[in-house]
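Before any comments, here is the structure.
The values are calculated or read from the model by the stated rules, or taken from the named source; none is laboratory data. Given the structure is predicted, the values throughout are model-derived calculations rather than measurements. Neighbour counts are summed over all protein chains in view; Cβ atoms, including those assigned to glycine, are modelled from backbone coordinates with ideal geometry.
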């Protein structure tokens, strides 16, 4: 499956599914730390999108990043 097409918001601005590489880019965190934050309920949960694949809601990740930015302003 080509994940390039699902890693960005759709053209109509609707949320889409982000794979781990895109989540890492948007947050600046690596996979291990993202999963540690999830375990401690400090990061949005992933969704199972296949037998061996998970993804995150772009809306939830963008909101999480915005909250972090707002905390520092």
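Figure legend. Inter-residue proximity from region 4-22: first residues over 15 Å from residue 54 (Cα atoms), second residues modelled with pLDDT under 60 and surrounded by 13 or more Cβ atoms within 10 Å (Cβ to Cβ), beta-carbon distance below 9 Å, spacing 6+ or different chains. Indicated pairs: 15/9. Does region 11-26 contain at least one residue that is at pLDDT below 95, outside any helix (DSSP H, G or I) and on the phi > 0 side of the Ramachandran plot? Yes, the conditions are met somewhere in region 11-26. Flag not set for residue 64, criterion: assigned to a strand (DSSP E or B) and modelled with pLDDT of 95 or more. Residues that are assigned to a loop (DSSP other than H, G, I, E, B) and either surrounded by 12 or more Cβ atoms within 10 Å (Cβ to Cβ) or touching a strand residue (DSSP E or B) at 6+ places or on another chain (Cβ under 9 Å) (or both) within region 31-43 comprise just one, 43. For region 44-73: of the residues being farther than 23 Å from residue 13 by Cβ and in contact with a strand residue (DSSP E or B) (Cβ under 9 Å, 6 or more places away or on another chain), which is surrounded by the fewest Cβ atoms within 10 Å (Cβ to Cβ)? That would be 48.
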